[in-house]
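*Asks:* I have a structure here, written as structure tokens, and I will follow up with some questions on it.
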Amino acid sequence: MTILSDKDIENSMKNNELGIEPFNQKNLTPNGYDLSIDEIYIKKSDQHIKEGMATIPSMTWFAISTKEFVKMGPQITSQLWIRSSYARKGIMASFGKVDAGFHGTLTISCFNSNDEEIEIPIGDRFCQIVFENLSTKPSELYDKKSGNYQNQRGIKL
């Protein structure tokens, strides 16, 4: 597996091997792309916040949906990494791989481990997606293997 550089990401998008919609040039990093927050769901208060500022109480689980709709090509997979500015505030998140062939926004499970509430602005960059090239095309892509969240938009629990 090889990690895609900023140049590789742009070339993959030009060749329709990868999609990021909407794409913002300033979110492109040397080895990935910063995904931004479209919506936050706070289970404790059953709130769906889609604009302004979300206030996350201490010791509270919440979910984030990305603004970006990603389209993974047949030989591209990716990993998600929390931005260190959020980790330093006590936000913990569960991240995994995004499968080859997945198309959709991403729902991220999070927890405020801080002993104080934290404010998170909608639209802020929350995590980085790091793309990887698979050495061969998988026998089946995401939509055929499970496809549970194919083409999702918004928070899906």
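*Asks:* Mind checking which pairs have a first residue in the stretch 37-55 that is at positive phi and a second that is in a loop (DSSP other than H, G, I, E, B) and β-branched (Val, Ile, Thr), Cβ under 7 Å, 6 or more apart or different chains?
*Replies:* Going by the 7 Å Cβ cut-off, the qualifying pairs are Gly52/Ile122.
*Asks:* Can you tell me which residue in the stretch 97-120 is nearest to Asn151 (Cα to Cα), limited to those that are touching a residue at least 60 places away in the same chain (Cβ under 8 Å) and part of a loop (DSSP other than H, G, I, E, B)?
*Replies:* Applying the filter and picking the extreme gives Thr105.
*Asks:* Could you list, in sequence order, all residues of the stretch 59-96 that are in contact (Cβ under 8 Å) with a residue 60 or more places away in the chain, over 20 Å from Lys156 (Cβ atoms) and either of a type in the set (Phe, Trp, Tyr) or in a loop (DSSP other than H, G, I, E, B) (or both)?
*Replies:* Once the filter is applied, which keeps residues that are in contact (Cβ under 8 Å) with a residue 60 or more places away in the chain, over 20 Å from Lys156 (Cβ atoms) and either of a type in the set (Phe, Trp, Tyr) or in a loop (DSSP other than H, G, I, E, B) (or both), the stretch 59-96 yields Gly73, Pro74, Gln75.
*Asks:* In the list Asp6, Asp34, which residue meets the criterion of being among the acidic types (Asp, Glu), within 15 Å of the chain's Cα centre (by Cα) and within 27 Å of Ser135 (Cα to Cα)?
*Replies:* Within the list Asp6, Asp34, the selection yields Asp34.
*Asks:* Determine whether the stretch 44-53 contains at least one residue that is surrounded by fewer than 19 Cβ atoms within 10 Å (Cβ to Cβ), polar (S, T, N, Q) and more than 19 Å from Asn151 (Cα to Cα).
*Replies:* Yes, that holds for at least one residue.
*Asks:* I would also like to ask the following. Contact list please: Cβ distance under 7 Å, first residue in the stretch 132-157 and within 18 Å of Leu80 (Cβ to Cβ) and hydroxyl-bearing (Ser, Thr, Tyr), second residue surrounded by 15 or more Cβ atoms within 10 Å (Cβ to Cβ) and modelled with pLDDT under 90, pairs at least six apart or on different chains.
*Replies:* Pairs found: Tyr142/Gln150.
*Asks:* Would you mind finding the one in Gly123, Gly147 that is modelled with pLDDT under 95 and assigned to a loop (DSSP other than H, G, I, E, B)?
*Replies:* Going through Gly123, Gly147 in turn, just one is modelled with pLDDT under 95 and assigned to a loop (DSSP other than H, G, I, E, B): Gly147.
*Asks:* Just for the stretch 101-131: of the residues that are within 15 Å of Asp34 (Cα to Cα) and among the charged types (D, E, K, R), which one is surrounded by the most Cβ atoms within 10 Å (Cβ to Cβ)?
*Replies:* Checked the stretch 101-131; the qualifying residue surrounded by the most Cβ atoms within 10 Å (Cβ to Cβ) is Arg125.
*Asks:* Among the candidates Ala63, Ala87, single out the residue that is buried (at least 17 other Cβ atoms within 10 Å of the Cβ), farther than 18 Å from Ile3 by Cα and aliphatic (A, V, I, L, M).
*Replies:* Of Ala63, Ala87, the one residue that is buried (at least 17 other Cβ atoms within 10 Å of the Cβ), farther than 18 Å from Ile3 by Cα and aliphatic (A, V, I, L, M) is Ala63.
*Asks:* Filter the stretch 6-27 for residues that are surrounded by 15 or more Cβ atoms within 10 Å (Cβ to Cβ) and assigned to a loop (DSSP other than H, G, I, E, B) and give the result.
*Replies:* Glu17
*Asks:* If you don't mind, there's one more thing I want to ask. Mind telling me which of the residues Lys14, Lys26, Lys67 ends up being charged (D, E, K, R) and farther than 30 Å from Leu141 by Cβ?
*Replies:* Lys26
The values are calculated or read from the model by the stated rules, or taken from the named source; none is laboratory data. Owing to the predicted nature of the structure, the values given are computational and were not obtained by experimental measurement. Here Cβ is always computed from backbone atoms with ideal geometry, including for glycine, and neighbour counts include all displayed protein chains.
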